[in-house]
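Heads up: the structure comes next, in structure tokens.
Taken together, the values in this text are just the output of simple stated rules run on the coordinates, not laboratory data. Being a predicted model, the structure only gives us computed values, none of them experimental. Cβ atoms come from the backbone with ideal geometry, glycine included; neighbour counts cover every protein chain shown.
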């Protein structure tokens with residue numbers, strides 16, 4: 001199946017979503033034909049994402065997911081023209097998929113590494129061809145759904161997820177994976193620095209919400225986030241350790257990436273293993289759990305239970321630390337939580353209107369003003385340098401208010 005079958009507009013300054021999706025579909029179909037030459041292959045639904053292109057697929061009735069990454073960048077960046085016009089992107093992609101360090105190759109290597117290690121349990125790799133990663137479908141409720149359904153158990157659920165990562169969070173795991181296998185570009189602080197650095201950062205913030213938010217909301221979102229980004233840049237230099245104790249973090253630790261089948265421990269999908277400080281996985285999980293609350297708005301009682309569970313979970317992560325170390329870790333956790341929330345919220349707000357967002361993304365765009373106010377208040381308190389325990393308690397209070 002030829003990749004040249006997709007029509008393009010050479011004069012277009014940016015790739016169009018329909019061009020990109022049609023090209024990715026051809027590549028997925030060609031990859032499936034190479035992987036299973038005699039099988040009956042059917043492409044299923046497109047799974048909306050702002051990062052890679054994902055489709056459900058069945059091979060002789062076997063349910064799989066097919067994931068395709070263009071140049072290792074997000075679909076938002078690609079469609080905004082970060083990699084040039086479509087003909088240039090397509091030519092660069094032809095070479096990119098042949099590289100051993102292409103993003104899909106590293107994702108496949110990480111899944112195989114975790115499968116060999118045995119912990120955490122991950123979805124099996126069904127095949128890798130032409131820059132397409134095929135993985136097995138996993139049944140079961142997600143951690144996000146369980147947290148909303150059983151909020152009184154949230155502390156145990158969050159702690160249970162971290163128990164599965166214990167072997168990753170010890171130094172020997174770093175040596176087993178090797179430096180070539182990490183996906184460091186997904187780190188929270190590094191992503192924040194790339195998005196909001198230099199002259200392009202303020203211009204990026206100024207365009208947030210175009211085509212997705214009412215004008216009045218946009219004005220407040222831009223005004224608040226402009227101040228938040230400045231605060232977080234200063235906090236990044238002051239709060240984040242310059243030489244943290246680096247462990248192997250799961251990276252993309254989101255409640256929707258942890259699934260609970262009926263036959264045992266949870267199954268993790270979409271790893272983004274990277275070398276990072278010990279607070280990174282906790283910060284990502286807390287950030288995305290709060291965003292799950294904001295998107296679903298389950299009410300005050302559920303919000304109270306869940307936020308209490310987040311507090312208890314963070315408390316267990318600090319067991320055994322000295323008072324000084326607890327304060328430093330909590331400052332780092334808060335700074336990373338805020339950076340991650342700003343990272344993903346601004347990605348959704350900057351997505352072109354033609355790019356379908358996941359349900360969570362659409363819901364968060366609708367709550368963007370409330371979320372910006374939340375990160376504005378927490379970042380103000382954190383930047384003031386007061387008692388960190390009081391700042392933490394205040395942050396949990398703001399998170400609970402967003403859920404109500």
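Some notes on this structure:
- Crossing angle, helix 215-239 versus the chain [Cα axis fit, 0-90 degrees, rounded to tens]: 70 degrees
- In this rough spin-label picture, where each label sits 7 Å from Cα along the Cβ direction, the residue 362-residue 322 distance is 5.2 nm.
- Candidates 263, 139, 149: whichever shows maximal mean-square fluctuation once the chain is modelled as a Gaussian network with Cα springs under 10 Å: 263
- Point-to-point label distance, residue 43-residue 197, nm (Cα→Cβ direction, 7 Å offset): 3.6 nm
- Taking all Cα pairs closer than 8 Å and separated by 6 or more residues, the relative contact order of region 257-404 comes to 35 percent.
- GNM flexibility winner over the chain from 297, 80, 62 (Cα, springs under 10 Å): 62
- Residues in region 32-54 that a label on residue 145 would reach, taking backbone N under 19 Å of a point 7 Å out along Cα→Cβ: 45-49
- Considering all C-alpha pairs of region 200-310, those separated by over 25 Å amount to 46%.
- Projected over all directions and averaged, the alpha-carbon convex hull of region 115-179 occupies 6.2 nm².
- Estimated distance in nm for a label pair at residue 210 and residue 88, the labels positioned 7 Å out from Cα along Cα-to-Cβ: 1.8 nm
- Taking region 318-361 and a reference point 7 angstrom along Cα→Cβ of residue 245, the backbone N atoms nearer than 18 Å belong to 318-334.
- Alpha carbon centroid spacing (whole Å) that separates region 134-206 from region 12-41: 28 Å
- Helix 388-403 axis, angle to the chain major axis (alpha carbon atoms, nearest 10°): 60 degrees
- Relative contact order, percent, region 31-136 [alpha-carbon distance under 8 Å, six or more residues apart]: 25 percent
- Full-extension gain in nm, residue 238 to residue 176, via 0.36 nm per residue minus C-alpha separation: 19.1 nm
- Convex hull of region 141-403 built on C-alpha atoms - directionally averaged projected area, nm²: 14.2 nm²
- Against the rule of thumb 2.2 N^0.38 Å, how large the Cα Rg of region 3-136 comes out: 1.06
- Compared with the dominant Cα axis of the chain, that is its longest principal axis, helix 154-164 is turned about 60°.
- The GNM of the chain, with springs linking C-alpha atoms under 10 angstrom apart, assigns the highest mean-square fluctuation among 121, 99, 226 to 99.
- Helical contribution to [θ] at 222 nm, DSSP H n ≥ 4, -39,500 (n - 2.57), averaged over the chain, rounded to 500: -17500 deg cm²/dmol
- Length-normalised contact order for the chain - Cα pairs under 8 Å, 6+ apart - percent: 18 percent
- Global size of region 233-378 as Cα Rg and Dmax, reported in angstrom: 16.1, 51
- At R0 = 22 Å, FRET efficiency that the Cβ-Cβ distance of residue 56 and residue 98 yields, to 0.05: 0.25
- Taking a point 7 Å out from the Cα of residue 153 in the direction of its Cβ, the residues of region 265-281 whose backbone N falls within less than 18 Å of it are 265-268.
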